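As C-alpha cells, the structure follows; a few thoughts come after it.
The values are calculated or read from the model by the stated rules, or taken from the named source; none is laboratory data. It should be emphasised that the depicted structure is a prediction, and the values quoted were computed from it without experimental measurement. Don't worry about glycine lacking a Cβ; one is built from the backbone with ideal geometry, like all the others, and counts go over all protein chains shown. Just the protein is used for accessible areas: all its heavy atoms, side chains included, with ligands, DNA and RNA removed. Shrake-Rupley method; radii C 1.70, N 1.55, O 1.52, S 1.80 Å.
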Amino acid sequence: MPPVDVHGRVEPGFERVREAFARNFTEHGDVGAACCVYVGGRPVVDVWGGLADRDRKRAWARDTVALVFSTTKGVTAIAVNLLLQRGELDLDAPVARYWPEFADGGKSSITLRWLLSHRAGLADVTADLTLDDVLSWDGVVGALAAQEPVWEPGTQHGYHARSYGWLLGEVIRRVSGVTAGQFVARELATPLHLDLWIGLPESEEPRVATLLPPLELGDEQAKELYDAFMSGDSLLGRVMTGPSNLFHYDDMWNTRALHAAEMPSSNGVASARAIAKLYAACVGEIDGVRLLTPDTVKRATEVQSDGTDAVLGMPTRFGLGFSLPPMLSPASGPGAFGHPGAGGSLGFADPDAGIAFGYVMNQMQLGLTGDRRTETLVAALYDSL
C-alpha cells in the first residue's frame, strides 16, 4: 500500500512510534488503523490513518472504532478482577456458588481461578447449537452449564477462545445482576468516557470500520499447517470455529447481529484510544479514576498457566484472565499484562514502565507467529522510553 497521511498527535520523544505506524501501511499491509499510548498517566501517542472502509473510500477518522476480537478478553478480565477486588467474588470458590446450574456434568469443583486461567476443560462447546442460540446468550450458556469438561479440570490449560467470554460473562451477570456488556459500560466505559462496547448500540454502527478478512498465507507449508489446525477434525479447529462450526474469520463479523450480541471473549468494539486509556487506569489514576489497585494487579499477573497449550499446541502463559509475556509482543516488558486479538489488535499495560498501549485495525492478518505490526509498534515504544 502507498504511504498514508498519519493524523493525530505525538509528543516529542515518541516519533519512532509514529514512524513505525506509518511503515505498517507501506511494509506490513495495514489498510486502516489507530494506535494510542499512555505513559505516566497521559497520552503521548494518539494516531490514526488509512481507510475505515476500502470499498467506499471512507477514511479512518478520529472517532472510528473497530472490532477487536480477543482483545475483548482483557476487558472482561479487568471486569472480573474488579469484582474480585471488591470482594464480590472469591477466586477459589467453585463457580457453582454463583451459578448453581454450572455444577452439572461433573463440574462442581471447577473454580473461578480455573475459568480465568483457561484450565476449566470447557474450551470446546460440545452441544449442537444454532447461531441464534449463541447470539441470544441463554442457549450457549445453558449448554456450557450442562456439558461435561473435555479434559479433567485443573490438570492442564487450553485456550478457551470463545467459551471464556460466556463462562465469565455469566459469572458477572449472576453476581452483579447485569450482563457483562452492561457491567463494562457502567463500571469501565462510562467513568472513563471510553468508546468501548461489548454489545454495540445501533446508534454507533456508522463509526465501525469494515473488517477485512485475512489474506491467504503466502507460504504454502504454513497454509497447509493452518488449514489442518482449523479443520473441524481437531480440538483446535472445533474451538476456533465453534460452537458448531458457526464462526469463521469472514464477513459475518461485519453484520449488525454480530456487533449487537454480547460475546465477552470475541466481539468488543473499541478505539485504540479507549483500550490504552482503560489499561492506563488499571495501573494509575486517569481522570480521577483508578480501576485496579497495585495488589489486584500483582495478583492478576501471577502466572496461573504456563507451557504447552492443550488447544493451540504451542506455549502460552496466562494470569487471571490476562495474557502474559511473551504472548503480547517480543518487546513487551516482563511485567506487562493484557490481551491480543485475532487479526492483529492488542491492548496491554506495563506497570513497571508506566505505559499502556492500544492498537486496532481492520485488515486481519493471521499467521503461526506474532503480528509484525504490533511487534514494530511495541518495539518503537520501548525504544522511546
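Okay, residues lined up against (1) open to solvent by less than 40 Å² (accessible area, probe 1.4 Å); (2) of a type in the set (Val, Ile, Thr); (3) under 21 Å from the mean Cα position of the chain (by Cα); (4) closer than 23 Å to residue 185 by Cβ:
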residue: 10; (1), (2), (3), (4): yes, yes, no, no
residue: 36; (1), (2), (3), (4): yes, no, yes, yes
residue: 47; (1), (2), (3), (4): yes, yes, yes, no
residue: 62; (1), (2), (3), (4): no, no, no, yes
residue: 68; (1), (2), (3), (4): yes, yes, yes, yes
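Working carefully through the options 355, 286, find the one that is within 29 Å of residue 50 (Cβ to Cβ), in contact with a Lys or Arg (Cβ under 9 Å, 6 or more places away or on another chain) and β-branched (Val, Ile, Thr). Just a single option satisfies the conditions, and that option is 286. Of all the residues in the range 134-167, those that are farther than 25 Å from residue 182 by Cβ and without any contact (Cβ under 8 Å) to a residue 40 or more places away in the chain number 2. For the condition surrounded by 22 or more Cβ atoms within 10 Å (Cβ to Cβ) and either free of Cβ contacts under 8 Å to residues at least 12 places away in the same chain or not β-branched (Val, Ile, Thr) (or both), residue 131 does not qualify.
Within the option set 385, 381, 377, being aliphatic (A, V, I, L, M) and open to solvent by 40 Å² or more (accessible area, probe 1.4 Å) holds for one residue only, 385. In the range 313-326, the residues that are under 15 Å from residue 115 (Cβ atoms) form Cβ pairs under 6 Å with partners that are hydroxyl-bearing (Ser, Thr, Tyr) and not in a loop (DSSP other than H, G, I, E, B), at six or more places apart or across chains, as follows: 318/305. Which of the residues belonging to the range 242-276 are surrounded by 24 or more Cβ atoms within 10 Å (Cβ to Cβ) and part of a helix (DSSP H, G or I)? Scanning the range 242-276 gives 272, 273, 274, 275, 276.
Residue count for the range 331-349 satisfying the condition of being in contact with a Pro (Cβ under 9 Å, 6 or more places away or on another chain) and surrounded by 24 or more Cβ atoms within 10 Å (Cβ to Cβ): 7.
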